[in-house]
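See structure below.
The values are calculated or read from the model by the stated rules, or taken from the named source; none is laboratory data. Small disclaimer: the values here were computed from a predicted structure and weren't measured. For neighbour counting, all protein chains shown are included, and Cβ atoms are generated from backbone atoms with ideal geometry for every residue, glycine included. Heavy atoms of the whole protein, side chains included, go into the accessibility calculation; ligands, DNA and RNA do not. Shrake-Rupley method; radii C 1.70, N 1.55, O 1.52, S 1.80 Å.
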Amino acid sequence: MPILAALASLKDRIAAAVPGAAVVAVHAEDLSGRKVSEWLIKLPGIYVTCEGVDVKAREATLRLRVYVLARLADLRRVPAEAGWAMAEVALAVVAADPLVTDARLIYRDEAGLDQPGIGLWEIEASRRYELAPVDPAALPSCLLHQRYEALYSSWAPWIGSAHEPQYERVQGDAPGVGEQDIGELLP
């Protein structure tokens with residue numbers, strides 16, 4: 001199962017278990033400042049992401065992170081209790097995945113949110129993952145649009161838009177190493 005499919009499945013299971021929360025797949029969202037405000041301030045919110053993939057002795061492990069944000073108690077305990085309950089339900093969903101090898105729930109009291117009344121819980125989990133063998137003939141369709149149209153080369157420090165007149169177009173699929181002396185490329 002591709003990484004994004006595994007994460008989408010986790011997101012969907014959490015959303016089904018905690019229907020009152022905005023559950024967001026952070027790894028698939030536009031993280032530019034304009035877009036973050038559309039989903040980050042939704043409380044209560046549960047944010048799912050993959051921190052990375054570790055491979056050791058051909059065994060791959062996804063490092064998952066799930067963040068739960070909720071309002072804390074003001075004059076009532078109910079919001080704090082609801083935040084803890086949501087975090088526990090999200091932890092139960094993560095831990096129920098048969099490929100999850102370990103998970104832990106951490107309450108981040110001093111998370112630097114600088115917003116009084118907001119609680120943050122973090123779930124760290126490791127999930128076994130099988131890397132698919134690389135088959136260039138079977139590239140995912142999303143990679144097809146990323147093929148280059150033209151290659152240009154230059155030498156440091158003459159890189160960047162200010163030095164574009166000194167760029168040379170590379171013919172073929174790859175630059176020919178050592179075809180020109182560096183002196184010929186200097187401005």
On the formula 1/(1 + (r/R0)^6), with r taken between the Cβ atoms of Arg71 and Ala92 and R0 of 35 Å, the FRET efficiency rounded to 0.05 is 0.95
Rounded to one decimal in nm, the spacing of the 7 Å Cα→Cβ label points at Ala16 and Glu81 is 2.8
Taking only protein heavy atoms and a 1.4 Å probe, the highest-to-lowest accessible-area order of Tyr47, Tyr152, Tyr67 is Tyr152, Tyr67, Tyr47
For the Arg58, Ala5 Cβ pair and Förster radius 22 Å, calculated FRET efficiency rounded to 0.05 is 0.55
